[in-house]
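Have a look at the structure below before the remarks.
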Amino acid sequence: MDDEPQLFDTPGSRGSASGGSLADAGHASTPLAVRMRPRTLEELVGQEQLRAPGSPLRQLVEGDQSLSLLLWGPPGTGKTTIASIISQQTGRRFVEISAVSAGVKEVRAAIDSARRQLVATGEETVLFVDEVHRFSKAQQDALLPGVENRWVSLVAATTENPSFSVISPLLSRSLLLRLQSLTDDDIAAVLDLAVTDERGLDGEVVLEDAARDHIVRLAGGDARRSLTYLEAAAGAARTKASTGSTAKPVIDVETAETAADQAAVRYDRDGDQHYDVVSAFIKSVRGSDADAALHYLARMMEAGEDPRFIARRLMILASEDIGLADPTALTTAVAAAQTVQLIGMPEAQLTLAHATIALAVAPKSNAVTTAIGEAIGDVRAGKIGQVPPHLRDAHYSGAKALGHGKGYVYSHDAPYGVAEQQYAPDVVLDASYYRPTELGAEAAVKQRWERVRRIIRGR
């Protein structure tokens with residue numbers, strides 16, 4: 001047992017990494033993305049809101065305070081880098097564990113090691129936990145003693161919304177910092193520096209502007225991905241260069257395309273990106289922007305989203321946001337769902353696109369949604385009331401003696417098939433839940449419903 005904590009002791013000088021993504025960043029085979037990792041807040045690209053004077057992050061780095069952080073943001077935006085900067089600029093030990101491979105035992109061992117180091121030498125430890133959302137509740141609970149007693153300065157990184165993936169006690173004891181996706185200009189700056197910096201390609205290759213723009217587009221705001229593509233393109237350019245030529249290898253668009261065949265869609269079907277993209281898809285259809293809706297549909301399909309899930313969301317939307325403004329919307333959505341079930345992908349992508357466009361361009365009405373919402377609200381508020389006697393079941397023995405069915409008017413015997421009669425309980429007799437719009441086919445529904453309601457209620 002005494003040997004276990006040594007697994008997490010940091011070798012060498014203060015602030016060096018103990019392994020993982022930050023370990024031994026200087027050897028020749030180290031990935032370019034690791035070699036080019038910023039060493040100070042000034043070198044950090046983007047995230048101006050976090051680097052501003054007086055910001056919590058700058059106070060933590062420059063004031064050498066003990067504080068735990070939760071870093072939430074998309075991949076390649078600097079979460080691991082910030083943890084490294086905190087360690088290096090404050091002279092703390094840096095210990096890194098991954099939620100993918102570490103268990104409760106490893107977490108406790110890391111914290112015990114940090115506590116002993118603090119007691120023995122006064123040296124503080126930055127404990128970096130990558131992908132903390134993958135930790136179970138028990139594993140996250142194991143972090144609490146170290147955070148509460150400040151035996152470690154926890155820096156936990158996640159690509160998912162911490163409100164859903166991190167336990168409340170850990171959330172309340174940590175400062176949440178939200179990282180934004182890097183802009184195209186940020187990524188371009190990262191690439192330019194990597195080409196010239198001695199830690200990177202050291203000016204040994206030439207990156208054409210068009211090739212740089214191509215890599216920027218493929219990166220999608222992910223600095224790590226952009227450097228991975230650049231490194232692959234540089235290797236391809238060196239291979240293509242003529243033997244014995246004194247000219248520098250050139251990375252052109254063709255070389256960049258060869259090195260990075262196509263952009264990987266950043267979309268996690270089980271994470272926060274999943275909910276963001278689905279939400280944007282639904283809101284685009286609701287907002288009648290067929291082009292935007294198709295974009296998000298393509299992202300979901302390219303990421304391998306279950307087409308049945310998409311079809312189910314379209315069926316819900318057909319009633320929620322269109323309703324009787326286009327009575328065929330639900331039919332279209334249901335037919336799409338059945339087709340998806342019958343033929344599967346990739347052919348079903350045409351069906352989903354068909355349904356998406358049809359629902360996007362359809363007239364919109366939320367009158368159905370509002371109507372059932374208000375009706376449920378009244379029921380939950382206790383507005384139940386007795387069913388009027390003339391509407392009660394009169395088929396069983398003794399029902400008529402109770403007055404059930406007495407006075408009921410059969411609608412088909414009335415003019416126009418509509419009879420003046422009380423249907424609702426007294427407590428909601430004057431309720432007006434369904435209020436049709438004048439959009440699409442619902443305009444005709446509105447005219448008929450207003451006439452029918454006046455007849456039913458004797459007005």
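The values are calculated or read from the model by the stated rules, or taken from the named source; none is laboratory data. The structure displayed is predicted, hence computed values, not measured ones. Note that each Cβ is placed from the backbone with ideal geometry, even for glycine, and that neighbours are counted across all protein chains shown. All accessible areas refer to the heavy atoms of the entire protein, side chains included, with ligands and DNA or RNA removed. Shrake-Rupley method; radii C 1.70, N 1.55, O 1.52, S 1.80 Å.
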**Complete:** the range 252-318: helices (runs of 4 or more DSSP H) wholly inside it with 2 or more residues that are modelled with pLDDT of 75 or more and under 21 Å from residue 359 (Cβ atoms) are 272-286, 290-302, 307-317
**Message:** So, residue 117, is that one touching a strand residue (DSSP E or B) at 6+ places or on another chain (Cβ under 7 Å) and modelled with pLDDT of 85 or more or not?
**Reply:** yes
**Members of the range 375-424 that are in contact (Cβ under 8 Å) with a residue 40 or more places away in the chain and closer than 26 Å to residue 439 by Cα** = 375
**Message:** Regarding the range 107-130, can at least one residue be identified that is assigned to a loop (DSSP other than H, G, I, E, B), more than 29 Å from the chain's Cα centre (by Cα) and touching a residue at least 24 places away in the same chain (Cβ under 8 Å)?
**Reply:** yes
**Request:** Among what's in the range 221-245 and is out of contact with any helix residue (DSSP H, G or I) (no Cβ under 9 Å at 6 or more places or on another chain) and in a loop (DSSP other than H, G, I, E, B), pick the residue that is nearest to residue 78 (Cα to Cα).
**Result:** 241
**Complete:** Note: among 358, 443, just one is surrounded by 15 or more Cβ atoms within 10 Å (Cβ to Cβ), assigned to a helix (DSSP H, G or I) and within 31 Å of the chain's Cα centre (by Cα), namely 358
**Asked** What pairs can you find where one residue is in the range 362-374 and within 10 Å of residue 433 (Cβ to Cβ), the other is acidic (Asp, Glu) and open to solvent by less than 40 Å² (accessible area, probe 1.4 Å), and their Cβ atoms are less than 8 Å apart, with a gap of 6+ or different chains?
**Response** 367/442
**Subset tally (residues that are closer than 20 Å to residue 34 by Cβ and either in contact with a Gly (Cβ under 9 Å, 6 or more places away or on another chain) or not aliphatic (A, V, I, L, M) (or both)) for the range 200-219** = 5
**Prompt:** Which condition number in (1) crowded, with 21+ Cβ neighbours inside 10 Å; (2) outside any loop (DSSP other than H, G, I, E, B); (3) more than 29 Å from the chain's Cα centre (by Cα) is the one that residue 70 fails?
**Reply:** (3)
**Request:** Can you work out which of the residues in the range 123-167 that are open to solvent by 50 Å² or more (accessible area, probe 1.4 Å) and of a type in the set (Gly, Ala, Ser) is nearest to residue 75 (Cα to Cα)?
**Result:** 163
**Asked** What is the number of the single condition among (1) surrounded by 22 or more Cβ atoms within 10 Å (Cβ to Cβ); (2) within 23 Å of the chain's Cα centre (by Cα); (3) assigned to a strand (DSSP E or B) that residue 177 does not meet?
**Response** (1)
**Request:** Could you check, for the range 375-394, whether at least one of its residues is crowded, with 17+ Cβ neighbours inside 10 Å and either within 29 Å of the chain's Cα centre (by Cα) or part of a loop (DSSP other than H, G, I, E, B) (or both)?
**Result:** no
**Item:** Extreme residue, nearest to residue 320 (Cα to Cα), among residues of the range 360-389 that are touching a Ser or Thr at 6+ places or on another chain (Cβ under 7 Å) and of a type outside the set (Ser, Thr, Tyr)
**Value:** 368
**Request:** Filter the range 77-96 down to the residues that are within 25 Å of the chain's Cα centre (by Cα), open to solvent by less than 10 Å² (accessible area, probe 1.4 Å) and of a type outside the set (Ser, Thr, Tyr), then identify the one that is farthest from residue 135 (Cα to Cα).
**Result:** 82
